[in-house]
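Inspection log for the structure reproduced underneath, given as structure tokens.
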Amino acid sequence: MDKNGKLINIIKALVIAVVAIVLVLGIAKVLLLKSEDGINQFQAFYKQPENSIDVIFSGSSKVYCDIATGVLWENHGIAAFDLGGAEAPSWVSYYQIKEALKTQKPKVICYEVSVAAMYDMLTQANNWSTDNSYGMKWNSNRIDLLRVDSDEEQFIERLNPYNIMHGRYKDLEENDFTNVRDSVNYKGFDPRDRVNERETPDNAGITDCTPCTEKEEEYIRKLIELTRSEGIDLVMFASPYCVTDREQEILNYVGNIAEEEGVEFIDFNRRYDELGMDFSSDMADSGHLNYSGNYKFTDYFGKLLKENHDIPDRRGDSRYVSWDWDAAIQNYERNASAIANSDSAADIMNMTKNGYILFAVYDGKASIIKDGEVVAEGYEGFRIPYRYGGDSFLFKEFNEGEFEHYAILYINDDEIKQNYGNMMYVYDTVRHEYIRHIYF
């Protein structure tokens, strides 16, 4: 074989190798677990401009459910990020913060401590350990996190991500190819929007202390020392929730650790009245706030942070436009949640003046209302086609006698049928999805 032939074969081999590597990396990216319980948060964290985050919130799911970064931004100008993880114990938060400090030098780190009170774990189950480590880059922090969060057999298995990823082919969804949370605009907030009626905990008289596990205390103290060595203010806090008597005793113990170490500690379970907490409407479940609760809590917490720490107001700074986007997205989602849960058609009308189409019937007259403006009308026996963007709609009356009278909405190929009357359908044009119907 001549030199040209050998060169061609070498080039072919290199091309094949490059293509194979690209395919493997592409498949790995698609198969990588997407989770808003820690993985998405860390992947978005890596996209943040270096040294742009002024406050990092660390801890369990209470962080990304309860701390609304958009509220901190709009109300207080705080550039914050929710770097929480599912049921994350102190050793997980310790290594996550070590990793975070490679690219960020925040003014304040706020560490949520409730896991120390709620669980007696020494290691995490596979699902939570995966959520808390798979978003991190492969380096010593991820390996050390897995080592301390696993027994010996689990550690070896968890070192190989394909042990989790290889079975995902049958479970792939559109989100695996286009993960909207994997963006610089995402600041980690992942709220719960349901309303779970609860009773206010009666914890005012609980002053005794019960120790947390030795492992929790060890890594709480390590985290304190880490932030101290980096010259970063640390605020340890307990988010408001349906705390039990025993959990309150452990929170008291953690508070004593903070006092001994000279660290600020705020137990918001001692401040229900100051927060304006209403456990009948502010909880998504026993451990997490909903939109109503997290707004109150975040706004109050933001005021304390601004009063007690040197945190700049970044609003209006062109380098922080991604926080504007984060707040805008959160406002939209908060509004969408209110629309989905409201019992008042009048309130829904007021909340749907931007980004929504209403298909309404009132006193025999049909109307299509886009962003608060009537764009089409019809009367008895109406059949009104409408197009917006890439979506096709058909709003029609179907009347076949006393027991067959409907107002029907077709959205592309989907049919939604409800009994005829004074009512309206709500469609979200931003997320391209049907929201609900309501009678009035």
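Every read-out reported here was derived from the displayed coordinates using simple, explicitly stated rules and does not represent laboratory data. Note that this is a predicted model, so its numbers are computed, not measured. Cβ coordinates were reconstructed from backbone atoms using ideal geometry, including for glycine residues, and neighbour counts include every protein chain displayed.
Shown for Tyr119, Tyr379: other C-beta atoms within 10 Å of each C-beta, ranked fewest to most, produce the order Tyr379, Tyr119. When Trp325, Trp73 are arranged by Cβ crowding within 10 Å, least crowded first, meaning fewest neighbours, the order is Trp325, Trp73.
Here, P(r) means the percent of Cα pairs in each 5 Å bin from 0 to the largest distance; for segment 172-328 it is 1, 7, 13, 15, 17, 18, 14, 9, 5, 1, 0.
Mean 1/r over all different Cα pairs, inverted: what Kirkwood radius does segment 44-137 give, in Å?
Numbers: mean 1/r = 0.0733 Å⁻¹.
After inverting the pairwise mean of 1/r, the radius is 13.6 Å.
Based on the reciprocal of the average 1/r between different C-alpha atoms, the Kirkwood radius for segment 90-164 equals 13.2 Å. Across the chain, the mean sequence separation of Cα contacts (distance under 8 Å, 6 or more residues apart), normalised by length, yields a relative contact order of 16 percent. Normalised by 2.2 N^0.38 Å, where N is the number of residues, the alpha-carbon radius of gyration of segment 33-338 equals 0.95.
To check you understand DSSP bridge types, tell me what percent of the beta bridges within the chain (both residues inside) are antiparallel, rounded to 5. Write out the running numbers ahead of the final one.
Numbers: 43 of 61 bridges.
Roughly 70 percent of the DSSP beta bridges within the chain come out antiparallel.
For segment 252-408, report the translational diffusion coefficient in µm²/s to the nearest whole number, using Stokes-Einstein at 10 °C, 1.306 mPa s, and a Kirkwood Rh over Cα pairs. Display every interim value, and only then the final one.
Values: Rh = 20.5 Å.
It diffuses with D of about 77 µm²/s by this estimate.
In terms of overall dimensions, segment 345-439 has a Cα radius of gyration and Dmax of 12.4, 37 angstrom.
Which entries of Lys47/Lys353; Lys102/Lys296; Lys137/Lys306; Lys62/Lys107 show an alpha-carbon separation above 29 angstrom in the structure shown? Before the final figure, lay out the partial values.
Working: Lys47/Lys353 33 Å; Lys102/Lys296 32 Å; Lys137/Lys306 32 Å; Lys62/Lys107 21 Å.
Pairs exceeding the cut-off: Lys47/Lys353; Lys102/Lys296; Lys137/Lys306.
Footprinting exposure proxy ranking of Val92, Val375, fewest other C-beta atoms within 10 angstrom first, gives Val375, Val92. With each pseudo-label sitting 7 Å past Cα toward Cβ, what's the Glu433-Val375 distance in nm, one decimal? That separation, rounded to one decimal, is 2.1 nm.
Between Ser281 and Leu122, the contour length at 0.36 nm per residue exceeds the alpha carbon distance by 53.8 nm.
Report, in order of residue number, the helices in the chain meeting two criteria: a C-alpha extent of 20 Å or more along the helix axis, and a mean Kyte-Doolittle hydropathy of at least 0.5; treat each whole DSSP H run as one helix. Walk me through the numbers before you get to the answer.
Numbers: long enough: 3-31 (42 Å, 1.90); 214-229 (22 Å, -1.28); 245-261 (25 Å, -1.11); 291-308 (25 Å, -1.04); 321-341 (30 Å, -0.55).
Helices meeting the span and hydropathy rule in the chain are 3-31.
The loop-placed GluC sites (Glu not before Pro) in segment 38-87, going by DSSP, that have at most 10 neighbouring Cβ atoms within 10 Å of their Cβ come out as Glu50.
Using the Cβ atoms and a cut-off under 10 Å, what net charge is assigned to the surroundings of Tyr300, where Lys and Arg are +1 and Asp and Glu are -1?
On the way: positive: Arg271, Lys296, Lys303; negative: Glu274, Asp299.
Value of the local net charge: +1.
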